[in-house]
1. Determine which single condition B:R13 fails, assuming it passes every other condition in (1) within 12 Å of another protein chain (Cβ to nearest Cβ); (2) at pLDDT 95 or above.
2. Would you mind stating whether A:A100 is more than 14 Å from every other protein chain (Cβ to nearest Cβ), touching a residue at least 40 places away in the same chain (Cβ under 8 Å) and in contact with an Asp or Glu (Cβ under 6 Å, 6 or more places away or on another chain)?
3. Quick one: what pairs do we get from the range B:19-39, first residue more than 17 Å from B:Q65 (Cβ to Cβ), second part of a strand (DSSP E or B), C-beta under 6 Å, 6+ apart or different chains?
4. Being outside any strand (DSSP E or B) and in contact with a His (Cβ under 8 Å, 6 or more places away or on another chain) is the filter here; which residues of the range B:1-55 pass it?
5. Are any of the residues in the range B:42-55 under 30 Å from A:R39 (Cβ atoms), within 14 Å of another protein chain (Cβ to nearest Cβ), in contact with a Phe, Trp or Tyr (Cβ under 7 Å, 6 or more places away or on another chain) and of a type in the set (G, A, S)?
6. Do we have any residue at all in the range A:114-132 that's of a type in the set (S, T, N, Q), under 20 Å from B:G8 (Cβ atoms), surrounded by fewer than 23 Cβ atoms within 10 Å (Cβ to Cβ) and within 14 Å of chain B (Cβ to nearest Cβ)?
7. Identify the single condition in (1) at the interface with chain A (Cβ under 10 Å from one of its Cβ atoms); (2) part of a loop (DSSP other than H, G, I, E, B); (3) charged (D, E, K, R); (4) farther than 30 Å from A:A98 by Cβ that B:K75 does not satisfy, given that it satisfies every other one.
8. Any residue in the range A:71-80 that is more than 13 Å from A:A100 (Cβ to Cβ) and in contact with a helix residue (DSSP H, G or I) (Cβ under 7 Å, 6 or more places away or on another chain)?
Amino acid sequence: MPSPVRLQQQDFSLDAEIAALKQASSHIGGIATFVGCARDFSEGRSVSGICFEAYDRMALTEMQKLRGEAIERFGLIDARIVHRVAAVVPGDNIVLIAVAAEHRAAAFEACRWLIDELKQRVPIWKKETTPEGDAWVTPHP
Amino acid sequence: MIRVLFFGPVAERVDTREMQFEHTPGMTLHDIIARVGMQYPGALSIVSFMALNQGQTSDRQQPLQDGDEIAFMAKFSGG
C-alpha cells in the first residue's frame, strides 16, 4: 500500500485512497475527502496550465507532521495526504485530503483543517500559464 | 560548505536553484543573507520563510555548522 503521505508527479485515485483508509479499521463511521483541482481562471485571467514546485524533503516532513497533528487533534482513525508536483491543466487533480473518523463531524472538521494548514505550512509553489505569460501565484491571506 | 537552496519565485529572481558558501567559524544565517543580498540585490525581498536543515527558522543570528542546508522561500501556494 502506498504511503499515506506522498508528493508525486502522477495523478491519484480517490477510490484507492478511500480503500486504503477502510483497511485501517472497522470502527470507521465516516470518510471526508477534499480534492483540489486546477481551474481555468485566476484573478480574472484565463489559466491554461499550472506548474508545481516543492521543497520535497521539507514538504514531506511537514505533511507528515500535519497528518499526525490532525489524527491527534480530531481523534481520527487515519488520514491520507497526497499532493501532485507536476504540470497540470484545468480539470486535473492537484491535492487529495482523505480522513477517516468514527463520526462525521470530526471527519469534516479535520478535512477542512488539513487543507487550510497545508496551504500555510507546506513549501509548495505554483506557476500559472496565462495569455499574459507565466506568473507565480501570490497567495491570499 | 553551506548549501543554499532557492525555490519557485525566489529561484527565478536569483536565476539559480542552489549556491554554496565556504563555512567559516562563527558564521550565522545573517551572514548568508547578506552575501546572497549583495550578489543579487533585492532578490530576497519576496522571501517570507527561511529554513535551516528543512525546519523553518526566523533567527538570523543562528550559528551555522559545516554541512548545513538553508532555504529561502516565498509564500507558499500549494493546494
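1. B:R13 satisfies all of (1) within 12 Å of another protein chain (Cβ to nearest Cβ); (2) at pLDDT 95 or above except (2).
2. Working: more than 14 Å from every other protein chain (Cβ to nearest Cβ): yes; touching a residue at least 40 places away in the same chain (Cβ under 8 Å): yes; in contact with an Asp or Glu (Cβ under 6 Å, 6 or more places away or on another chain): yes.
Criteria met by A:A100.
3. Taking only residues 6 or more apart or on different chains, the pairs are B:M19/B:V4.
4. Within the range B:1-55, the subset outside any strand (DSSP E or B) is B:1, B:7-17, B:22-27, B:29-48, B:53-54.
The one that is outside any strand (DSSP E or B) and in contact with a His (Cβ under 8 Å, 6 or more places away or on another chain): B:M1.
5. Pass one, the range B:42-55, residues under 30 Å from A:R39 (Cβ atoms): B:45-49, B:51.
This time we only want the ones that are within 14 Å of another protein chain (Cβ to nearest Cβ), so: B:45-49, B:51.
Among the residues that remain, those that are also in contact with a Phe, Trp or Tyr (Cβ under 7 Å, 6 or more places away or on another chain) are: B:47.
Cutting the leftovers down to of a type in the set (G, A, S) gives us none.
No, the range B:42-55 contains no residue that is under 30 Å from A:R39 (Cβ atoms), within 14 Å of another protein chain (Cβ to nearest Cβ), in contact with a Phe, Trp or Tyr (Cβ under 7 Å, 6 or more places away or on another chain) and of a type in the set (G, A, S).
6. First, the residues of the range A:114-132 that are of a type in the set (S, T, N, Q): A:120, A:129-130.
Next, only the ones that are under 20 Å from B:G8 (Cβ atoms) stay: A:120, A:129-130.
In the following step, the residues that additionally are surrounded by fewer than 23 Cβ atoms within 10 Å (Cβ to Cβ) were identified as A:120, A:129-130.
This time we only want the ones that are within 14 Å of chain B (Cβ to nearest Cβ), so: A:120.
Yes, that holds for at least one residue.
7. For B:K75, the failing item is (4).
8. Quick first cut of the range A:71-80, residues more than 13 Å from A:A100 (Cβ to Cβ) only: A:72-73.
If we keep only those that are in contact with a helix residue (DSSP H, G or I) (Cβ under 7 Å, 6 or more places away or on another chain) too, we end up with none.
The answer is no; no qualifying residue exists.
The values are calculated or read from the model by the stated rules, or taken from the named source; none is laboratory data. Quantities reported herein were computed from a predicted structural model and do not represent experimental measurements. All Cβ positions, glycine included, derive from the backbone under ideal geometry; neighbour counts span all protein chains shown.
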